[in-house]
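Here is the structure we will look at, set down as C-alpha coordinates.
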Amino acid sequence: MRKRIPLLIGLLSLLTLVGGRLAWADDDDDEHEWSRPRVSTRVPMLPAYQQECAACHMAYPPGMLPAASWQSIMTGLPKHYGSDASLDVASVKKLTTWLTTNAAPNRSMSNRPPQDRITQSAWFVRQHDEISASVWKRPAIKSAANCMACHAGAEQGDFNEHRVRIPR
Ligand code: HEC
Ligand code: HEC
(Lines give C-alpha, C1' and ligand atoms only; values in the text may rest on other atoms or scores of the structure.)
(Ligands and ions follow the chains in the order given, each with its own letter.)
Protein backbone atom coordinates (compact mmCIF):
# COMPACT_ATOMS: atom_id res chain seq x y z
CA MET A 1 0.00 0.00 0.00
CA ARG A 2 2.79 2.45 0.99
CA LYS A 3 4.42 2.05 -2.40
CA ARG A 4 1.28 2.75 -4.34
CA ILE A 5 0.72 6.25 -3.06
CA PRO A 6 3.69 7.89 -4.83
CA LEU A 7 2.68 5.97 -7.95
CA LEU A 8 -0.83 7.30 -7.70
CA ILE A 9 0.42 10.85 -7.23
CA GLY A 10 2.68 10.44 -10.26
CA LEU A 11 -0.19 9.22 -12.35
CA LEU A 12 -2.41 12.06 -11.25
CA SER A 13 0.14 14.74 -12.12
CA LEU A 14 0.68 13.11 -15.50
CA LEU A 15 -3.04 13.24 -16.16
CA THR A 16 -3.20 16.89 -15.13
CA LEU A 17 -0.33 17.67 -17.47
CA VAL A 18 -1.90 15.89 -20.42
CA GLY A 19 -5.24 17.53 -19.66
CA GLY A 20 -3.59 20.96 -19.65
CA ARG A 21 -1.95 20.27 -22.99
CA LEU A 22 -5.22 19.28 -24.55
CA ALA A 23 -6.85 22.44 -23.27
CA TRP A 24 -4.09 24.49 -24.90
CA ALA A 25 -4.33 22.58 -28.15
CA ASP A 26 -7.96 23.39 -28.78
CA ASP A 27 -7.59 26.93 -27.58
CA ASP A 28 -7.15 28.40 -31.00
CA ASP A 29 -10.37 30.30 -30.90
CA ASP A 30 -9.18 31.52 -27.58
CA GLU A 31 -12.14 32.98 -25.68
CA HIS A 32 -11.11 30.83 -22.71
CA GLU A 33 -7.48 31.71 -22.23
CA TRP A 34 -6.99 33.56 -18.97
CA SER A 35 -4.95 36.43 -20.40
CA ARG A 36 -7.46 37.24 -23.09
CA PRO A 37 -10.36 39.55 -22.65
CA ARG A 38 -13.51 37.51 -22.30
CA VAL A 39 -15.49 39.66 -24.61
CA SER A 40 -18.49 38.20 -26.28
CA THR A 41 -18.35 39.74 -29.71
CA ARG A 42 -20.97 37.55 -31.27
CA VAL A 43 -24.16 38.92 -29.75
CA PRO A 44 -26.63 39.36 -32.63
CA MET A 45 -26.76 43.05 -33.44
CA LEU A 46 -29.92 44.99 -32.86
CA PRO A 47 -30.80 46.50 -36.28
CA ALA A 48 -31.57 49.88 -34.67
CA TYR A 49 -28.13 49.89 -33.06
CA GLN A 50 -26.42 49.37 -36.40
CA GLN A 51 -28.63 51.99 -37.96
CA GLU A 52 -27.99 54.67 -35.34
CA CYS A 53 -24.49 53.90 -34.08
CA ALA A 54 -22.54 52.75 -37.11
CA ALA A 55 -22.65 55.92 -39.22
CA CYS A 56 -19.37 57.39 -37.99
CA HIS A 57 -17.60 54.21 -36.78
CA MET A 58 -18.41 50.53 -36.56
CA ALA A 59 -21.13 49.30 -34.22
CA TYR A 60 -18.88 48.32 -31.32
CA PRO A 61 -19.78 45.02 -29.64
CA PRO A 62 -21.83 45.80 -26.51
CA GLY A 63 -19.77 43.22 -24.56
CA MET A 64 -16.69 45.43 -24.80
CA LEU A 65 -17.86 47.99 -22.24
CA PRO A 66 -19.54 47.69 -18.85
CA ALA A 67 -23.18 48.72 -18.52
CA ALA A 68 -22.25 51.92 -16.64
CA SER A 69 -20.17 53.09 -19.61
CA TRP A 70 -22.97 52.49 -22.09
CA GLN A 71 -25.35 54.28 -19.76
CA SER A 72 -23.07 57.29 -19.63
CA ILE A 73 -22.42 57.30 -23.39
CA MET A 74 -26.15 57.17 -24.10
CA THR A 75 -26.94 60.09 -21.81
CA GLY A 76 -24.19 62.21 -23.38
CA LEU A 77 -24.92 61.79 -27.09
CA PRO A 78 -25.20 65.52 -27.90
CA LYS A 79 -21.56 65.83 -26.80
CA HIS A 80 -20.18 62.53 -28.04
CA TYR A 81 -16.37 62.55 -28.31
CA GLY A 82 -16.49 65.91 -30.04
CA SER A 83 -19.47 64.99 -32.23
CA ASP A 84 -23.20 65.48 -31.97
CA ALA A 85 -24.71 62.00 -32.02
CA SER A 86 -28.11 62.99 -30.62
CA LEU A 87 -31.05 60.64 -30.99
CA ASP A 88 -34.75 60.87 -30.14
CA VAL A 89 -35.80 59.86 -26.65
CA ALA A 90 -37.41 56.57 -27.73
CA SER A 91 -34.29 55.40 -29.59
CA VAL A 92 -32.05 56.36 -26.69
CA LYS A 93 -34.21 54.31 -24.37
CA LYS A 94 -34.35 51.29 -26.66
CA LEU A 95 -30.61 51.27 -27.39
CA THR A 96 -29.66 51.88 -23.76
CA THR A 97 -31.69 48.86 -22.68
CA TRP A 98 -30.13 46.65 -25.32
CA LEU A 99 -26.56 47.87 -24.74
CA THR A 100 -26.70 47.54 -20.95
CA THR A 101 -28.36 44.12 -21.17
CA ASN A 102 -25.56 42.87 -23.41
CA ALA A 103 -22.72 44.77 -21.69
CA ALA A 104 -19.48 43.19 -20.45
CA PRO A 105 -20.59 40.35 -18.21
CA ASN A 106 -17.48 39.51 -16.22
CA ARG A 107 -15.92 41.22 -13.25
CA SER A 108 -12.52 41.85 -14.84
CA MET A 109 -14.21 44.21 -17.29
CA SER A 110 -16.71 45.83 -14.97
CA ASN A 111 -14.65 48.97 -14.25
CA ARG A 112 -15.45 51.96 -16.39
CA PRO A 113 -12.42 52.73 -18.58
CA PRO A 114 -11.27 56.37 -18.93
CA GLN A 115 -13.70 58.35 -21.12
CA ASP A 116 -15.80 55.18 -21.39
CA ARG A 117 -13.53 54.18 -24.24
CA ILE A 118 -13.03 50.57 -25.29
CA THR A 119 -9.61 51.72 -26.47
CA GLN A 120 -8.69 52.86 -22.93
CA SER A 121 -9.74 49.62 -21.27
CA ALA A 122 -6.98 47.74 -19.46
CA TRP A 123 -7.54 44.63 -21.58
CA PHE A 124 -7.42 46.65 -24.80
CA VAL A 125 -4.17 48.36 -23.85
CA ARG A 126 -2.67 45.00 -22.87
CA GLN A 127 -3.73 43.32 -26.13
CA HIS A 128 -2.30 46.14 -28.22
CA ASP A 129 0.83 47.00 -26.25
CA GLU A 130 3.16 46.07 -29.10
CA ILE A 131 1.63 48.69 -31.41
CA SER A 132 3.59 51.93 -31.28
CA ALA A 133 2.11 55.41 -31.21
CA SER A 134 3.21 56.13 -34.76
CA VAL A 135 1.40 53.05 -36.09
CA TRP A 136 -1.92 54.21 -34.59
CA LYS A 137 -1.51 57.49 -36.48
CA ARG A 138 -0.91 55.98 -39.92
CA PRO A 139 -3.32 57.45 -42.50
CA ALA A 140 -4.91 54.04 -43.09
CA ILE A 141 -5.61 53.66 -39.37
CA LYS A 142 -6.08 57.18 -37.91
CA SER A 143 -7.34 56.01 -34.54
CA ALA A 144 -7.28 52.99 -32.26
CA ALA A 145 -11.08 53.23 -32.36
CA ASN A 146 -10.93 52.31 -36.05
CA CYS A 147 -10.91 48.57 -35.35
CA MET A 148 -11.67 47.58 -38.92
CA ALA A 149 -8.39 49.00 -40.18
CA CYS A 150 -6.63 45.96 -38.70
CA HIS A 151 -9.44 43.55 -37.88
CA ALA A 152 -11.15 43.11 -41.25
CA GLY A 153 -13.89 40.97 -39.70
CA ALA A 154 -14.59 43.35 -36.81
CA GLU A 155 -18.14 44.09 -37.93
CA GLN A 156 -18.85 40.36 -37.83
CA GLY A 157 -17.38 40.18 -34.34
CA ASP A 158 -14.11 38.62 -35.51
CA PHE A 159 -11.10 40.00 -33.63
CA ASN A 160 -9.03 36.82 -33.79
CA GLU A 161 -5.34 37.65 -33.49
CA HIS A 162 -4.52 35.23 -36.31
CA ARG A 163 -6.47 37.34 -38.77
CA VAL A 164 -5.07 40.74 -37.81
CA ARG A 165 -3.41 42.75 -40.58
CA ILE A 166 -1.82 46.09 -39.77
CA PRO A 167 -1.94 48.37 -42.84
CA ARG A 168 1.30 50.12 -43.86
C1 HEC B 1 -21.89 61.77 -35.64
C2 HEC B 1 -20.93 60.68 -35.56
C3 HEC B 1 -21.13 59.61 -34.50
C4 HEC B 1 -22.27 58.89 -34.22
C5 HEC B 1 -23.62 58.93 -34.92
C6 HEC B 1 -21.90 57.99 -33.13
N7 HEC B 1 -20.59 58.16 -32.78
FE8 HEC B 1 -19.58 57.11 -31.37
N9 HEC B 1 -17.90 58.19 -31.76
C10 HEC B 1 -17.82 59.23 -32.68
C11 HEC B 1 -16.47 59.77 -32.66
C12 HEC B 1 -15.94 60.90 -33.54
C13 HEC B 1 -15.75 59.00 -31.71
C14 HEC B 1 -14.28 59.16 -31.34
C15 HEC B 1 -13.48 58.29 -32.28
C16 HEC B 1 -11.99 58.34 -32.07
O17 HEC B 1 -11.53 58.68 -31.00
O18 HEC B 1 -11.27 58.01 -33.02
C19 HEC B 1 -16.69 58.03 -31.16
C20 HEC B 1 -16.36 57.11 -30.20
C21 HEC B 1 -17.23 56.18 -29.65
C22 HEC B 1 -16.87 55.21 -28.64
C23 HEC B 1 -15.50 55.04 -28.02
C24 HEC B 1 -14.52 54.36 -28.96
C25 HEC B 1 -13.20 54.11 -28.28
O26 HEC B 1 -12.29 54.94 -28.39
O27 HEC B 1 -13.09 53.07 -27.61
C28 HEC B 1 -17.99 54.49 -28.35
C29 HEC B 1 -18.11 53.35 -27.37
C30 HEC B 1 -19.06 55.02 -29.18
N31 HEC B 1 -18.56 56.02 -29.97
C32 HEC B 1 -20.37 54.57 -29.16
C33 HEC B 1 -21.39 55.12 -29.95
C34 HEC B 1 -22.79 54.74 -29.83
C35 HEC B 1 -23.34 53.76 -28.82
C36 HEC B 1 -23.46 55.44 -30.78
C37 HEC B 1 -24.94 55.42 -31.09
C38 HEC B 1 -25.82 55.83 -30.04
C39 HEC B 1 -22.48 56.27 -31.48
N40 HEC B 1 -21.25 56.05 -30.95
C41 HEC B 1 -22.78 57.10 -32.54
C42 HEC B 1 -18.81 59.65 -33.52
C43 HEC B 1 -20.10 59.15 -33.58
C1 HEC C 1 -3.38 49.10 -35.65
C2 HEC C 1 -4.13 47.87 -35.79
C3 HEC C 1 -5.22 47.56 -34.79
C4 HEC C 1 -6.37 48.29 -34.51
C5 HEC C 1 -6.78 49.61 -35.12
C6 HEC C 1 -7.09 47.53 -33.53
N7 HEC C 1 -6.44 46.38 -33.24
FE8 HEC C 1 -7.08 44.88 -32.00
N9 HEC C 1 -5.35 43.86 -32.32
C10 HEC C 1 -4.32 44.27 -33.15
C11 HEC C 1 -3.23 43.31 -33.07
C12 HEC C 1 -1.90 43.37 -33.82
C13 HEC C 1 -3.66 42.30 -32.16
C14 HEC C 1 -2.95 41.01 -31.80
C15 HEC C 1 -2.14 41.13 -30.56
C16 HEC C 1 -1.45 39.80 -30.31
O17 HEC C 1 -0.86 39.25 -31.23
O18 HEC C 1 -1.54 39.32 -29.18
C19 HEC C 1 -4.99 42.70 -31.71
C20 HEC C 1 -5.76 41.97 -30.82
C21 HEC C 1 -7.05 42.27 -30.45
C22 HEC C 1 -7.90 41.44 -29.62
C23 HEC C 1 -7.51 40.08 -29.04
C24 HEC C 1 -7.70 39.04 -30.14
C25 HEC C 1 -7.26 37.66 -29.75
O26 HEC C 1 -7.32 36.76 -30.61
O27 HEC C 1 -6.83 37.47 -28.62
C28 HEC C 1 -9.10 42.07 -29.50
C29 HEC C 1 -10.33 41.58 -28.75
C30 HEC C 1 -9.00 43.31 -30.24
N31 HEC C 1 -7.75 43.40 -30.81
C32 HEC C 1 -10.01 44.24 -30.33
C33 HEC C 1 -9.89 45.46 -30.98
C34 HEC C 1 -10.94 46.46 -31.01
C35 HEC C 1 -12.28 46.34 -30.33
C36 HEC C 1 -10.46 47.50 -31.75
C37 HEC C 1 -11.12 48.82 -32.02
C38 HEC C 1 -11.76 49.51 -30.90
C39 HEC C 1 -9.11 47.14 -32.20
N40 HEC C 1 -8.82 45.89 -31.71
C41 HEC C 1 -8.31 47.93 -32.99
C42 HEC C 1 -4.31 45.39 -33.95
C43 HEC C 1 -5.27 46.36 -33.98
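The values are calculated or read from the model by the stated rules, or taken from the named source; none is laboratory data. Everything numeric here is computed off the predicted structure, so don't read it as measured data. Cβ sites come from the backbone with ideal geometry, for glycine too, and all protein chains shown count toward neighbours. Just so you know, the surface numbers come from the protein's heavy atoms only, side chains and all, with ligands and any DNA or RNA stripped out. Shrake-Rupley method; radii C 1.70, N 1.55, O 1.52, S 1.80 Å.
With each label point set 7 Å from Cα along the Cα-Cβ vector, what nm distance links Gln120 and Ser108?
Going by the 7 Å Cα→Cβ label model, 2.2 nm.
Rolling a 1.4 Å sphere over the protein heavy atoms, what is the accessible area per residue of the range 47-163, to the nearest Å²?
With the other protein chains kept in place, the range 47-163 gives 58 Å² per residue.
For Ser132 and Ile166, compute 0.36 nm times the residue count separating them, minus their Cα-Cα distance, and round to one decimal in nm.
11.1 nm
No solvent, one uniform scatterer per C-alpha: report log10 I(q)/I(0) for the range 47-163 via the Debye equation at q = 0.18, 0.22, 0.23 1/Å, two decimals.
The Cα Debye sum returns log10 ratios of -1.03, -1.49, -1.58.
From the backbone phi of the range 97-113, what are the Karplus-calculated ³J(HN,Hα) couplings (6.51 cos²θ - 1.76 cosθ + 1.60, θ = phi - 60°) in whole Hz, Gly and Pro given as x?
Once rounded to whole Hz, the list reads 4, 5, 5, 6, 5, 9, 5, 3, x, 9, 4, 5, 10, 7, 7, 5, x.
Exactly which GluC sites (Glu not before Pro) in the range 62-168 are in a DSSP loop and have at most 12 other Cβ atoms within 10 Å?
Glu130
Ignoring any ligand, DNA or RNA, what whole percent of the accessible area of the range 47-163 comes from carbon and sulfur when the probe is 1.4 angstrom?
Its accessible area is 54 percent carbon and sulfur atoms.
Between His80 and residues 5 or more places away or on another chain, which pairs have amide H atoms under 5 Å apart, with H built 1.01 Å from N, and which residues are they?
Correct list: Ala85.
So how far, in whole Å, is the C-alpha centre of the range 79-123 from the one of the range 133-153?
If we compute the Cα centre of each part, the gap is 21 Å.
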